[in-house]
Structure formats: C-alpha cells, structure tokens
Amino acid sequence: MLTIDVEKTGDVAVVRCVGRIVRGAEVRTLRNAVFSEKEIRIVVIDLSDVETLDAGGLTALLSLQQWAGNRNVQLKLVNPSHFVNQMLTRTGLDQVFDISTFEHALFVLSAPDCRHSKYAAVC
C-alpha cells in the first residue's frame, strides 16, 4: 500500500510517499498525485518512508522524470530510504535522477534563482 501526502507552496509541490511503490495501484496513485499538480516549477518526491520499490516503481519514477522534463519542471528525489537508495544505485539510476537530502533541496528551493547564482554548481 502507498500513502501520499502532497504539500504545495507556490510553484513547488512536495510529494511525501509512505509504503511501497510497486506495479499496479501504487504506481497509479503516485502518477496521479504528481500529474494533478498544476502550475508547478519543482516537484520534490520524499522517499524516506518508502519500504519497497520494484521495477514498476522505477519505471514510474522514470516516466515522472520524462513528464517533468517535457513541462520544464524540475523533479527532485529526496531522502531515499536505504532500500530505495540501493535500488537506484544498483540500476545506475542514481546517475539519472537529481537525488539529495531534504535539507539540500530546501536550500536550493530557497535560492532566489539558482541558474544565475554563484552557487549554481550546487543547485
């Protein structure tokens, strides 16, 4: 089972996931939660309480990455649980996604415009 809580502030949506991101209803729940957010610039997916992630879940994250890219939306994965981090590393997807701690994501999000900042390299 997957529980999702979405908190939107301005043009930033934080999607907190608790449970399992696996093929079937859980994947649809995650996609629907993200797709339903309108007028967003950044989607932060908090994976700290995700216990299990299967191939269907990895595919869902990839499709969300593609969806975001097509809409000029940044997708950030934060605080992946140990299991999720292992899955992302083993599949090489840790090199595909923007993965950070929640604290780093908050720092980046609080920057006025990271693209023009002298700290752009850490954004």
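Derivation of every value follows stated rules applied to the coordinates shown; laboratory data play no part. Source: prediction; values computed, not measured. Positions of Cβ are backbone-derived with ideal geometry, glycine not excepted, and every protein chain shown enters the neighbour counts.
Starting from the Cα of V6, step 7 Å toward the Cβ, then list every residue of segment 29-55 with an amide N under 14 Å from that point.
29-46
Looking only at Cα atoms, what is the convex hull volume of segment 21-93 per residue, in Å³? Intermediate values should be presented prior to the final figure.
Details: hull volume 5.7 nm³, N = 73.
So the per-residue hull volume is 79 Å³.
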